[in-house]
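Reading through the structure tokens given below for one structure.
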There are 2 protein chains.
Amino acid sequence: MTRDASRPAAGRPRLSGAPTGSPRQDIIREAIALFVAKGYAETTMSEIARSAGLRQSSLYYWFARKDNILQALLEENRSSLALATALEAQSGAAAPRLYAVLHADVMQLCSAPLDFYEFERVARSQPQNFGAFFDDYAALHRLTASIVHQGVSAGEFLAVDSSDVATAALGLNEGLQRHYRQPLPGLRSYSAEQVSELSADTSLARLLAIPESLPEIRMAARGITSDWNTTAES
Amino acid sequence: MTRDASRPAAGRPRLSGAPTGSPRQDIIREAIALFVAKGYAETTMSEIARSAGLRQSSLYYWFARKDNILQALLEENRSSLALATALEAQSGAAAPRLYAVLHADVMQLCSAPLDFYEFERVARSQPQNFGAFFDDYAALHRLTASIVHQGVSAGEFLAVDSSDVATAALGLNEGLQRHYRQPLPGLRSYSAEQVSELSADTSLARLLAIPESLPEIRMAARGITSDWNTTAES
DNA sequence: ACACCTTTTCGATAAGTTATAGAAAGTCTC
DNA sequence: GAGACTTTCTATAACTTATCGAAAAGGTGT
């Protein structure tokens, strides 16, 4: 399990005569496509192997367990953490910062290849391998609660328990992510942008003494987000 | 697959010499215990059979598929629907009624033998068998939205899209149910009552023009709920 | 007493899953 | 070329869910 960057490759040739460019990346790419289409549990190693152009058992040369494919894919999980870290340390009104963090989190959950809960299930079954997942979650929770606390201290928000509010906000993010991913029959379906807005709106609305200010906050948050995106690119 | 109520029973005796009282019920009972302990997907038919005192293949005489055990167990899913139906038709302030419905829903999700999402996953894989599940969900959503709409019309709530609010409220219920069932490492854990209150508080707070009235509403909802429980018993 | 039907359980087994072991088929180094 | 290294293969173990037909009881009519 070493190469992966080199080109022509050694080793026994594939029976399928497949290109064998960068097996590890190829496998991950094909696995993602299948996970998106059918979910993790419903995707078999045989299917991934077929898509990637090798035999089922050959996958185990690159990934010792099915989980490990997921783990490789986890690296950029909850990357909204970076935004949260930056915004928590920032000064200024708490409301737009909180809005931006929550909105970005839902957007990220929606665009991830796997349902958050499916991910969490696997992470829970392999805590030693997925410690980073739980660390990230705890960090996001702490940062969220901290921004809420800032808002409460500044009199910008109602007096609430900031930890409870963070729990509810993240729980709502996850619950609505699910509604985006798997719309329930009989209910309207939402776009990623729509659920993100619905979630952030809901969490913010409960904090504001003057609910009418929500539209301004939404606008301000949009500004913060786009600033972040442009600076992050450079 | 007929008897199930009678006592001594015909048929080939069990190898285990087990009591063979009411096999169907016995199986369901043992299955629930295992589902609660390990979840649906992680519980095998062999384990259920061992607990119930017969062989793995004999289970299939009573339940043609593993799903069917779940289905039998589904009958009382989202029974908060009954409360919602009653309260939607009731007159009076919308806020306490909405609070009571949301609170009862989370309590029910928390006390169910299975995680809501695990249930939903199975239901989705067998839509023809689990139609009732989705029907109930759609009904609960409709009733919730209707109560919200009543509150908006009466000027009791802020002007919001009642369907969106219902989606967010139910999504929050499900998300927090998960936090109760599977507390994330690093975060505090909540009791069923605590998550129910957190969820209902959050959903209501975003609707109220005067957030300070939440405590009264919470009290009033408690009254409604206990009234319902006493009349339902008689 | 006995043949026959119904109910329930069992053993054997098929087809699919994740994962392991060791042989095989190339390239690379000396 | 000889040998080492890398990668893939085949074969197979152990475990799933699910099916099939035989087996073991009770009940019924003659």
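The values are calculated or read from the model by the stated rules, or taken from the named source; none is laboratory data. Fair warning: this is a prediction, and the values are worked out from it, not measured in the lab. We place every Cβ from the backbone using ideal geometry, glycine too, and count neighbours over all the protein chains shown. With ligands, DNA and RNA removed, areas are computed over all heavy atoms of the protein, side chains included. Shrake-Rupley method; radii C 1.70, N 1.55, O 1.52, S 1.80 Å.
Evaluated at q = 0.22 Å⁻¹, a Debye calculation over the C-alpha positions of segment A:23-74 (equal weights, vacuum) places log10 I(q)/I(0) at -0.69. The shape of segment A:172-234 comes out oblate: with a ≥ b ≥ c from the C-alpha gyration tensor, a/c is at least 1.5 while a/b does not beat b/c.
Calculated FRET efficiency, B:ARG222 to A:SER191, Cβ-Cβ distance, R0 = 41 Å: about 0.60 to the nearest 0.05.
Between the helical axis of A:131-153 and the longest alpha-carbon principal axis of chain A there is an angle of about 10 degrees.
Here A:ALA72 and B:GLU47 are evaluated by their C-beta separation; at R0 = 35 Å the FRET efficiency comes out at 0.65. Burial annotation for segment B:145-175: residues with an accessible-area loss of at least 20 Å² between the isolated chain and the complete set of protein chains, computed on heavy atoms with a 1.4 Å probe, are B:LEU158, B:ASP164, B:THR167, B:ALA168, B:GLY171, B:LEU172, B:GLY175.
For the protein assembly as shown, treating each Cα as an identical point scatterer without solvent, what Debye log10 I(q)/I(0) comes out at q = 0.13 1/Å? Rounded to two decimals, the profile gives -1.23. Selection among A:MET219, A:TYR137, A:THR167 by position relative to the dipole of the protein assembly as shown gives A:TYR137 as farthest towards the positive end (Cβ unit charges, Cα centre). Accessible surface for segment B:80-233, divided over its residues, is 37 Å² per residue with a 1.4 Å probe. Remark: chain A projects, on average over all directions, an area of 15.3 nm² (convex hull of Cα atoms).
With a 1.4 Å probe on protein heavy atoms only, work out how much accessible surface B and A bury together, total over both chains, in Å² to the nearest 100.
Values: alone 12280 and 12290 Å², together 21140 Å².
Between B and A, the summed buried area is about 3400 Å².
Projecting the Cα atoms of B:ALA192, A:ALA10, A:LEU81 onto the charge dipole of the protein assembly as shown (Cβ charges, centred on the Cα centre) puts A:ALA10 farthest toward the positive pole.
Would you mind counting up the charge near B:LEU15? Only other residues with Cβ under 13 Å from its Cβ, with Lys and Arg at +1 and Asp and Glu at -1. Net of charged neighbours comes to +4. Note: relative contact order over segment A:23-74, using C-alpha pairs below 8 Å and six or more positions apart, is 37 percent. Model label sites at A:ALA89 and B:ARG29, defined 7 Å from Cα along the beta-carbon direction, differ in position by 6.0 nm. Heavy-atom surface analysis with a 1.4 Å probe gives chain B a carbon and sulfur content of 54 percent of its accessible area. When the protein assembly as shown is described by a simple charge dipole with +1 on each Lys and Arg Cβ and -1 on each Asp and Glu Cβ, the residue from A:LEU102, A:PHE157, A:GLN56 located farthest towards its positive end is A:GLN56.
Here the protein assembly as shown is assigned +1 on the Cβ of each Lys and Arg and -1 on the Cβ of each Asp and Glu. Its dipole about the Cα centre then comes out at about 2360 debye.
With charges only on Cβ, +1 for K and R and -1 for D and E, what is the dipole size of segment A:80-233 about its Cα centre, in debye, rounded to 20? Working shown, then result.
Numbers: 10 positive and 18 negative charges, 52 e Å.
So the dipole magnitude of segment A:80-233 works out to roughly 260 debye.
Between A:GLU212 and A:ALA37, the simple label model (points 7 Å from Cα in the Cβ direction) yields a spacing of 5.3 nm. Taking amide H as placed 1.01 Å from N in the peptide plane, the amide H of A:PHE157 sits under 5 Å from that of A:VAL152, each at least 5 places away or on another chain. Across segment A:80-233, the relative contact order, built from alpha-carbon pairs under 8 Å that are at least six residues apart, equals 35 percent. 3J(HN,Hα) couplings calculated from phi for segment A:107-119 with the Karplus curve 6.51 cos²θ - 1.76 cosθ + 1.60 (θ = phi - 60°) are, in sequence order, 4, 5, 4, 6, 8, 5, x, 10, 4, 3, 6, 5, 4 Hz; Gly and Pro show x.
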